[in-house]
1. Evaluate the following for Val303: is it without any contact (Cβ under 8 Å) to a residue 60 or more places away in the chain, in the same structural domain as Asp387 (by TED's automatic domain parsing), touching a Leu at 6+ places or on another chain (Cβ under 8 Å) and of a type outside the set (Ser, Thr, Tyr)?
2. I'm checking my understanding of the structure. Among residues of the stretch 360-396 that are part of a loop (DSSP other than H, G, I, E, B) and without any contact (Cβ under 8 Å) to a residue 12 or more places away in the chain, which one is surrounded by the fewest Cβ atoms within 10 Å (Cβ to Cβ)?
3. Just the residues that are crowded, with 18+ Cβ neighbours inside 10 Å, over 25 Å from Leu80 (Cβ atoms) and either without any contact (Cβ under 8 Å) to a residue 40 or more places away in the chain or over 8 Å from the mean Cα position of the chain (by Cα) (or both), please, taken from the stretch 135-155.
4. So, Asn92, is that one outside any loop (DSSP other than H, G, I, E, B) and in contact (Cβ under 8 Å) with a residue 40 or more places away in the chain or not?
5. Determine, yes or no, whether Ile217 is under 30 Å from Lys116 (Cα atoms), surrounded by 16 or more Cβ atoms within 10 Å (Cβ to Cβ) and touching a strand residue (DSSP E or B) at 6+ places or on another chain (Cβ under 9 Å).
6. Could you grab me the full set of residues in the stretch 245-268 that are touching a helix residue (DSSP H, G or I) at 6+ places or on another chain (Cβ under 8 Å) and over 20 Å from Leu371 (Cβ atoms)?
7. Just for strands (runs of 3 or more DSSP E) wholly inside the stretch 244-347: which have at least 2 residues that are charged (D, E, K, R)?
8. Against the conditions (1) in contact (Cβ under 8 Å) with a residue 60 or more places away in the chain; (2) in a loop (DSSP other than H, G, I, E, B); (3) within 21 Å of Arg79 (Cβ to Cβ), where does Asn160 fall short? Just the number, please.
Amino acid sequence: MNSKFKLVLLFEAILGATLLLSQCTNTPKETSETTAEVTSDAVFVANPIVVEEQPVGKLEIGDQAPPFKLPGIDDKFHRLEDYADSDVLVINFTCNHCPTAQAYEDRFIDVVEDYKDKNVSFVAISSNSPIGILPEELGYTDLSDTFEEMKIRAKDKAYNFPYLYDGDTHEFSLAYGPTATPHVFVFNKERKLSYSGRIDASEKPGTANAEDLRKAIDMTLAGESLPEAEAQTPAFGCSMKWAWKNEYTIKTNKAWKEKEVTIEKLAPDALAGLLKNDTGELLLVNFWATWCGPCIIEYPEFVTIQRMYGERDFQFVSISMDNPDQSEKALKYLKGKASALPNYIMDTDDKYKVIDVVGKEWDGSLPITLLIEPGGNIAYRVSGTIDANELKREIVDHPLIGRYY
């Protein structure tokens, strides 16, 4: 084999390897794009952001249902066309935190159950922006309106309908134009609006049975139009928390952080008086210390809880088990957590005196948290770190607090 022929073979080999390498390089790119397209419907991470104020639409009777593609609490994306086979589609704009939404919750669940064999589809959408909600607005709930908390609420109430999230930028909700939570929209087979407004005219649970919504569904199924005066009704409830309405949130959070934080010494006999809770309020007490790792990690949750329920029949009190001469150290920590509430440090080095006052159920380990009813009865006790969601449920579901007006 002469040298010229060898060079030709070498050139062909290099060319073939180059082509093969090019194909291999292109394949992952195509696969990556395909995978991204597939997994975009399977993986969703909420990212609520501040957006510029936008016009909010208002659907009129006869308008076509705007399309949507939204993540649900089942971690799947849902589209308008997914419900194309249903004769009627009901979309309920609702949320976790609103007391009115919670008041209508069971009625909506009942309607879904009653129409399950009538080819009616139901969808709930939470379009509130979590960044626009203050702890002070959560006084009637245990949950805010984040995507993860939507999953908790759906599980707690055994939702029998898809629950979708549009709280990042309200991309699709703005086209529908809900005014309050809850606000229901009923669409016919052609997905034209036949009803918009309230579920029924009585907010208090047990006083109505979703009459307006049921009538709208029944007449739409029958191919009939509602009387003009009944086709669109006001939707009473909490206003929508659009992502551009956060100036008040920023202002209120700033004001809370600027509140004065103090700490007072508390003698064991004064602690005994405190725990008797001679008030008309629920009293939440947390014993903690600066040297207790779990204590300082969970402590910010208590400040949030005070902000949530502080305007109701509720008070949180913190009690430091640091030595009395370490009050400045405890105060420094409390200031860093904006603990603008009653803060105490036990005025004794004898920890066993404190344990004797609290009671034999306490083994002396920190942290410990007590929810005390008026008169001193301990309604809920946690030795160790709290489950914040569970504690909030205990508070809001107590007869002194409650989820409704």
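1. The answer is yes for Val303.
2. Checked the stretch 360-396; the qualifying residue surrounded by the fewest Cβ atoms within 10 Å (Cβ to Cβ) is Lys360.
3. Pro135, Glu137, Leu138, Gly139, Tyr140, Thr141, Asp142
4. Taking the combined requirement at face value, the residue satisfies it.
5. Working: under 30 Å from Lys116 (Cα atoms): yes; surrounded by 16 or more Cβ atoms within 10 Å (Cβ to Cβ): yes; touching a strand residue (DSSP E or B) at 6+ places or on another chain (Cβ under 9 Å): yes.
Yes; evaluated as a whole, the condition is true for this residue.
6. Filtering the stretch 245-268 for residues touching a helix residue (DSSP H, G or I) at 6+ places or on another chain (Cβ under 8 Å) gives 245-246, 249, 252, 256, 261-263, 265-266, 268.
Result: Lys245, Asn246, Thr249, Thr252, Trp256, Val261, Thr262, Ile263, Lys265, Pro268.
7. Numbers: elements: 264-266, 282-288, 314-320, 343-346.
Filter on the stretch 244-347 gives 264-266.
8. Condition (1) is where Asn160 drops out.
The values are calculated or read from the model by the stated rules, or taken from the named source; none is laboratory data. This is a predicted model, so every value here is computed, not measured. Cβ sites come from the backbone with ideal geometry, for glycine too, and all protein chains shown count toward neighbours.
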